[in-house]
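One structure is given below, encoded as structure tokens.
The values are calculated or read from the model by the stated rules, or taken from the named source; none is laboratory data. Bear in mind the structure is a predicted one, so any value in this text is a computation, not a measurement. Quick reminder, even Gly has a Cβ in these numbers, built from the backbone with ideal geometry, and neighbours come from all protein chains shown.
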Amino acid sequence: MAALAACSGAEGSDVRVPVAPPAKDKIAGAPACTATARLIPSCGAWWGLAPEVFTGAPVDEALRGAEARMGATADVLHVYHRGSELFPTEAELRLARDPARPRLLLINWKPSFDHTWAEIADGELDGRIDRLAGYLRRTFPERFFLTIHHEPENDVDTSSGSGMRAADYAAMYRYVVLRLREQGVRNAVTVMTYMGAPNWAAESWFEELYPGDDVVDWVAMDPYADDRVQNFDGLVNKTREEYAQWPGFYRWMQLRFPGKPVMVAEWGVFERSRDPGFKRKFFESVRRQVKRYPQIKALLYFDSPRAPRGDTSFDSNAEAGRAFTRLARDRYFRSTPVPRP
């Protein structure tokens, strides 16, 4: 069973980079907190979101709208790019460099939809990778989070010669990261993002997805509160009776990656018609329970009225919105200021 795989070695110590907090977000009496070179906060966790997804709003309007709705600013902006797109865009650069409130970027990149993972690892997209590397060198020297082809589990094709086996994914991820580094991109803090679902973790190939400690700085999961999930504990440690050996994703990450920070890179709460207060209760559970998971160093909400499986808007009703605002303003997410450009 993949859940019981041997643990990886702990990471070495990280150099800490002092950062100055924006005055409006500094908490009176709070200890001086810092972020490391790998963007690990020394206190609490980063707070962020993918704002107003699938609404058609430009990213700057979407973020400022979401921040106004939740009554707080985001530490991390989660954006999505694919194929030959260059990133960060001008709008993303402005948000990252906002003098009043800079944001970290989590950039989610799927390098190609018409090349297999094996083809990418064989060098068929070298021109695209090198072009992006040149753009990043010229345009964006700041540190940022980068995840490559997130949630690969449901794209795995185990058939012979598919080029989309789990081992092909690991090879592709390694190749892209190492190629970017060889081309001078040293400011990308790399994130390996899993779906966070027990059924995929039970697959015999699950462990083969991991690209290696040397090319992965953070590990992440993308869990959603479906009908099986009642609170934050259940969200980050989903289990199922039919996969009895699976301990839950956070527990697995503790065992498998004891030295790496964990990111909840996407999480969302769907509406429940039979329980109109569910979102409010769920957000309240996050505030109570998140401190039980000290390895989680970033929590990024997926805010969308049109998500594929339902409405994950955090303020789809007034009670939910108020609970989310209290959560977003919690001291736990406000103790380490975002590094300034």
Test S273 against the criterion of being in a loop (DSSP other than H, G, I, E, B), farther than 17 Å from T193 by Cα and either within 17 Å of the chain's Cα centre (by Cα) or among the polar types (S, T, N, Q) (or both), and give yes or no. yes
Selection status of D217, at negative phi, touching a helix residue (DSSP H, G or I) at 6+ places or on another chain (Cβ under 7 Å) and buried (at least 21 other Cβ atoms within 10 Å of the Cβ): no
Identity of the residue in the stretch 295-341, among the β-branched types (V, I, T) and assigned to a loop (DSSP other than H, G, I, E, B), that ends up nearest to K281 (Cα to Cα): T312
Looking at the stretch 64-87, which of its residues are outside any strand (DSSP E or B) and either within 23 Å of F324 (Cα to Cα) or within 14 Å of the chain's Cα centre (by Cα) (or both)? R64, G65, A66, E67, A68, R69, M70, G71, A72, T73, A74, D75
Criterion violated by D14 - all others in (1) in a loop (DSSP other than H, G, I, E, B); (2) modelled with pLDDT of 50 or more; (3) not hydrophobic (A, V, I, L, M, F, W, C) satisfied: (2)
Can you tell me which residue in the stretch 154-198 is farthest from A133 (Cα to Cα), limited to those that are β-branched (V, I, T), over 19 Å from the mean Cα position of the chain (by Cα) and surrounded by 15 or more Cβ atoms within 10 Å (Cβ to Cβ)? V156
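Scan the stretch 299-332 for residues that are of a type in the set (K, R) and in contact with a helix residue (DSSP H, G or I) (Cβ under 6 Å, 6 or more places away or on another chain) and jot them down. I'd like the intermediate steps shown before the answer.
We begin by selecting, within the stretch 299-332, every residue of a type in the set (K, R); these are 306, 309, 322, 326, 329, 331.
Answer for the stretch 299-332, where residues must be of a type in the set (K, R) and in contact with a helix residue (DSSP H, G or I) (Cβ under 6 Å, 6 or more places away or on another chain): there is none.
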For the stretch 199-229, which positions are among the aromatic types (F, W, Y) and under 23 Å from Y175 (Cα atoms)? W205, F206, Y210, W218
